[in-house]
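The values are calculated or read from the model by the stated rules, or taken from the named source; none is laboratory data. Treat the numbers as computed from the prediction; the structure is a model and nothing was measured. Quick reminder, even Gly has a Cβ in these numbers, built from the backbone with ideal geometry, and neighbours come from all protein chains shown. Side chains are part of the model used for accessible areas, which takes the heavy atoms of the whole protein and leaves out ligands, DNA and RNA. Shrake-Rupley method; radii C 1.70, N 1.55, O 1.52, S 1.80 Å.
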Amino acid sequence: MMDNLRTAANSPVLKIVLALIILSFVLTGVGGYLTSGTGSYAAEVNGQTISRAQLEQAFQQERNMLQEQLGDKFSVLASNEQSMKQIRSQVLERLINNVLIDQYSRELGLSASDEQVKDAIRNISYFQINGKFDNNKYLDFLNRSNLSPDIVAEQTRQNLINQQLIMVFSGSEIVLPGEVKLNAELLLQQRAIRLTTLELKKVHVQQEVTDKDLQDYYNLNKNSFIAPEEVKISYIRMDAADEMDKVSVTSVDIDSYYEHNLKRYTQSEQKKYSLIQLATEAEAKVVLDELNKGADFGKLATEKSTDKFSAKNKGEIGWIEENSLPEEMKKANLQEKGQISSVIKVPNGFAIFHLDDIKPQIIKPLSEVRSEVEKTIKQEKAVDAFYALQQKVSDAATSDNESLTSAEEVSGIKIVTTGWFDRNNVPAEINFGPVIHAIFEGSNLVDGQGPTGANSDVISAEGDRAFVLRVDNYRPETVQPFEQVKKQVTELVKRQKAEKQLQVESERLLTALKEGKGEQVLKDAGIQFGEPQVIQRTSQNNALVDAVFALPQPKEGKVEYGSVKNSLDDVVLIQLDKVTPGVISEEQIKGMTDGYQNEIGNAMLESLLINLREKAEINFGHIE
């Protein structure tokens, strides 16, 4: 199926229909967004680079979005080095996917017009107030995210292109209504149940334990009561963000960067085309003859073109750059506004093309992009300065291995000294995976004995931060004495006993219920089933729903029983009274069919990305 899709997608007529204007922005296309003038890169995809600076910009954008969504909780996420590293990797993977999709889309001739991009941005609910686009909210977002309108537009364009691909893919698969109906009836099935709960906490408080119980448990589980190893350290923290305030950008820097990256600020010549497509060459020649006699192109396209997509718009295709033209249009060789082609053979018939208009090549003047150029240069200089600082600190820490004093002098950054901490309670400022590894598993400790007295190498951490450190003091892990953990052991032994008792009791009750003796047994236990309730598979996603729908359908006049543990480890007894099949209307079937179709499209887009990645040449550079 993928081969058939690729063949259809490469059809020149499909290219003509879907080829739209490539907007003139400071950064032309996703390729422009991801290509940098710097020599170092985060990744290279089929020869197209993703620079460190652009990865950092995309990462910061992601951080800002998460911070807005999570509010105060974001600080917990940000302090977790592993989580931030994972987010950075996900951002890089997304940038790589964008490049691959963009490259493939260019092969197909897919793009998105000015108006489509503008409409899509205006329809983003985040930028709206009372359902209407609010420009101030949009500008505030750009300012807080450190983004230009061009980058937002290009990201929006990529989303639109992805949607086009999904539409092409999902349209190639058929979902049968009968299949949808059967799945829907199962999904919407209703089950009438009643519940009663055996609470663990009530059994827990009834438990009694002896000193022997506690001592035996402690002796068998001493490894559960280990006081972890602890350290005190000194460190110097370097942050790339601090370098931004130290670097400066001159007019010479800006002029030079602009001249060497002029292509990034250039929009190629664009031509606007229209199309009339006919089934046979004879029909096409008749229409061409009418056009040569002065007939209106748009009127004939509307009346006679077999390409319904463009016929609805008087044959208009849109604005296309020269390098996006399919071969058939290149053969037409239209150079002057108003020029009409001869009859051109295309896979689905014969076509006549019309050159509606021409936009000359446009180079954005430096005055228009100066602030953005300055920001880019400053960011790249700051990154370079950050790595230079790390080298100086590394040299100083290596030369004077007895303390961090020399490193403090060359960096101008004060040494920080911590109190005692273990690997599960690391101070927030140094709570990063590589730092923790260097402290507890690196060369700064002699295993189980103490610090080596040496300085560490420079340790790179998430968010363009780096550290050099030394372990000042050390306490090895030890087994906590019984008296110190007696209260904790008491609760553990009581819970263990309560869980066993609750399991025996629930199994006894469930057996009695299944044997038809449940009424008296429940009464003796002081519990009863609650009021009837109806649930569906879609009600919620938890263990109770799974347990209810795992029960067999009760026979006429009978009930079924089951049990499940809830999140508190209580045992919930279930009485299943009745099963009602789901009901779905024809209109709902159609809606669900569209949903399945869209899911298939998304799945196929995933498959396409896997296929593209397998064939692509991807090299990873420096991303820390």
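Listing for the model above:
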{"item": "Portion, in percent, of the accessible area of the stretch 459-551 that falls on carbon or sulfur, probe 1.4 Å", "result": "45 percent"}
{"item": "Built amide H within the under 5 Å cut-off of Ile233, gap 5+", "result": "Thr418, Asp472"}
{"item": "Accessible surface of the stretch 381-444, 1.4 Å probe, proportion on carbon and sulfur as whole %", "result": "49 percent"}
{"item": "Interchain or long-range residues, amide H under 5 Å from Thr452's placed H", "result": "Leu445, Val446"}
{"item": "Placed amide H near Gln190: partners under 5 Å, 5+ positions off or other chain", "result": "Thr580, Gly582"}
{"item": "Note, ³J(HN,Hα) from phi for the stretch 355-362, Karplus 6.51, -1.76, 1.60, rounded to Hz, x at Gly and Pro", "result": "8, 6, 6, 9, 10, x, 4, 10"}
{"item": "Accessible-area composition of the stretch 235-357, carbon plus sulfur, in percent [1.4 Å probe]", "result": "47 percent"}
{"item": "Low-density loop positions, GluC sites (Glu not before Pro), the stretch 504-571 - DSSP coil, at most 11 other Cβ in 10 Å", "result": "Glu515, Glu556"}
{"item": "Surface accessible to a 1.4 Å probe, per residue, for the residues of the stretch 303-426, Å²", "result": "55 Å²"}
{"item": "Set Lys523/Lys565; Lys378/Lys414; Lys202/Lys565 screened for pairs whose C-alpha atoms are more than 19 Å apart", "result": "Lys523/Lys565; Lys378/Lys414"}
{"item": "At R0 = 30 Å, FRET efficiency that the Cβ-Cβ distance of Glu93 and Phe133 yields, to 0.05", "result": "0.45"}
{"item": "Cβ-placed point charges (K, R +1; D, E -1), dipole of the stretch 355-425 about Cα centre in debye, nearest 20", "result": "180 debye"}
{"item": "Computed over the stretch 202-297, Kirkwood Rh from alpha-carbon pairs, angstrom", "result": "25.3 Å"}
{"item": "Calculated from backbone phi, Karplus (6.51, -1.76, 1.60) coupling profile of the stretch 547-559 in Hz, x at Gly/Pro", "result": "5, 4, 7, 7, 6, x, 5, x, 6, 3, x, 10, 10"}
{"item": "With DNA, RNA and ligands ignored, accessible area of Met65 (1.4 Å probe; Å², nearest 10)", "result": "70 Å²"}
{"item": "Qualifying chymotrypsin sites (Phe, Trp or Tyr not before Pro) in the stretch 345-453, DSSP loop, other Cβ atoms within 10 Å at most 14", "result": "Trp420"}
